[in-house]
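Heads up, the thing below is written out as C-alpha cells.
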Amino acid sequence: MTVAEPASNVLELLRQTTAAVFDMDGVLTDGTVLVTESGEEWRRMHVHDGYALQAALQGGMPVFVVSGGHSVGAELRLQRLGITACRMGVADKGQALRELAQAYNLNLSTTLYMGDDLPDAAALRLCGIPCCPADAAPQIQRLCIYVSRFKGGQGCVRDVLEKVLTLQHRWAEL
C-alpha cells in the first residue's frame, strides 16, 4: 500500500474489483527462469496462487494473464486452472490490456492489474486497481495502490485475490 492511499480507500477499491489481470514472470512466477542444456526454459509457480486463480474463476471473476515472455508449460498450467485468455510474448502490456477490455467488455476502472517491473507500467496506469508483489521494482511500487507482503511466485496472487474475494463476501463460499 502506498503512503498516499488511506487503507479504507484501498479496501474499497479492492472490493470493487470486477476482473483481474496478472503478469506472469515475477508475479505468477518468482522470476527465475531455469534453462536446461537443450534450451528449455522452466518457471516455478506456487500452488496457493493456482488455488486462488481457480477460486476467482469459480466465483465468476474474469481472470487473464499478460506476459512479455512465453512459456508453453506455464500456459498449459494456466489453461488447466481455467484461464483461457493468456497473452504471451506481449511487447506493449498497456495495449494488451486495452484489447482485453474491448474483447471481454471489461471496465478498466474496476480491473485489477498486478505487475512487477517496468514493462507493466503502462497497464498499471490504465487500470483502476494497480497492484504488485513485495519485490516489485520501486518505480512499480510507487504506481500501485496495493503492494502485497508476498513476493512474486510466492503467494502474492493468492494474497490479493483472497482479499478481493473476502471483501466481496465470496471467499468463504468457495
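As a check on your grasp of the helix formula, calculate [θ] at 222 nm for the chain: sum -39500 (n - 2.57) over DSSP H runs of n ≥ 4, divide by the residue count, round to the nearest 500. List each step's numbers first, then the result.
Details: 7 runs with 67 residues, N = 174.
Mean residue ellipticity at 222 nm (helix-derived): -11000 deg cm²/dmol.
Most fluctuating residue of GLY60, GLY155, GLY94 in a GNM of the chain with Cα springs under 10 Å: which is it?
Evaluated over the chain, the most mobile residue of the options is GLY60.
Between the alpha-carbon centers of segment 72-149 and segment 156-174, tell me the distance in whole angstrom.
18 Å
In the neighborhood of PHE150, defined by Cβ-to-Cβ distances under 15 Å, what is the net charge if each Lys or Arg adds +1 and each Asp or Glu adds -1?
Values: positive: ARG44, ARG149, LYS151, ARG158, LYS163; negative: ASP23, ASP30, ASP49, ASP116, ASP135, ASP159, GLU162.
Combined, the nearby Lys, Arg, Asp and Glu give -2.
Using only Cα atoms and rounding to the nearest 10 degrees, what angle (0 to 90) does helix 72-81 make with the longest principal axis of the chain?
The answer is roughly 40 degrees.
Where does each of PHE150, PHE22 land when they are ranked from fewest to most other beta-carbon atoms within 10 angstrom? Walk me through the numbers before you get to the answer.
On the way: PHE150 19, PHE22 28.
The most exposed by this proxy come first: PHE150, PHE22.
Taking the Cα centre of the chain as the origin, how large is its charge dipole in debye, to the nearest 20, when only Lys and Arg (+1) and Asp and Glu (-1) carry charge on their Cβ atoms?
That gives the chain a dipole magnitude of about 400 debye.
Taking Cα atoms, how many degrees apart are the long axis of helix 156-167 and the longest axis of the chain, rounded to 10 and kept between 0 and 90?
30 degrees
About the Cα centre of segment 34-133, what is the dipole size in debye to 20, counting +1 per Lys and Arg Cβ and -1 per Asp and Glu Cβ, all else neutral? Let's see the in-between values first.
Numbers: 8 positive and 10 negative charges, 63 e Å.
The dipole of segment 34-133 has a size of about 300 debye.
Can you put MET88, MET45 in order, fewest other beta carbons within 10 Å first?
On the way: MET88 16, MET45 20.
Fewest to most other Cβ atoms nearby, the residues stand as MET88, MET45.
Which angle between 0 and 90 degrees, to the nearest 10, do you get for helix 93-104 versus the longest principal axis of the chain when only C-alpha atoms count?
70 degrees
Collect residues whose amide H, placed 1.01 Å from N in the peptide plane, falls under 5 Å from the amide H of ARG87; neighbours closer than 5 in sequence don't count.
Residues meeting the amide H criterion: VAL65, VAL66, SER67.
Taking the chain as a Gaussian network, Cα atoms linked when under 10 Å apart, which of GLU75, GLU99, GLU162 shows the biggest mean-square fluctuation?
GLU99
Sort SER38, SER71 so that the residue with the fewest other Cβ atoms within 10 Å of its own Cβ comes first and the one with the most comes last. Before the final figure, lay out each step's value.
Numbers: SER38 5, SER71 21.
Least to most surrounded, the residues fall as SER38, SER71.
Read-outs throughout are calculated quantities, based only on the coordinates presented, and are distinct from any laboratory measurement. Model, not experiment: these values are computed from the prediction. No Cβ is skipped: glycine too gets one built from the backbone with ideal geometry, and neighbour counts run over all protein chains shown.
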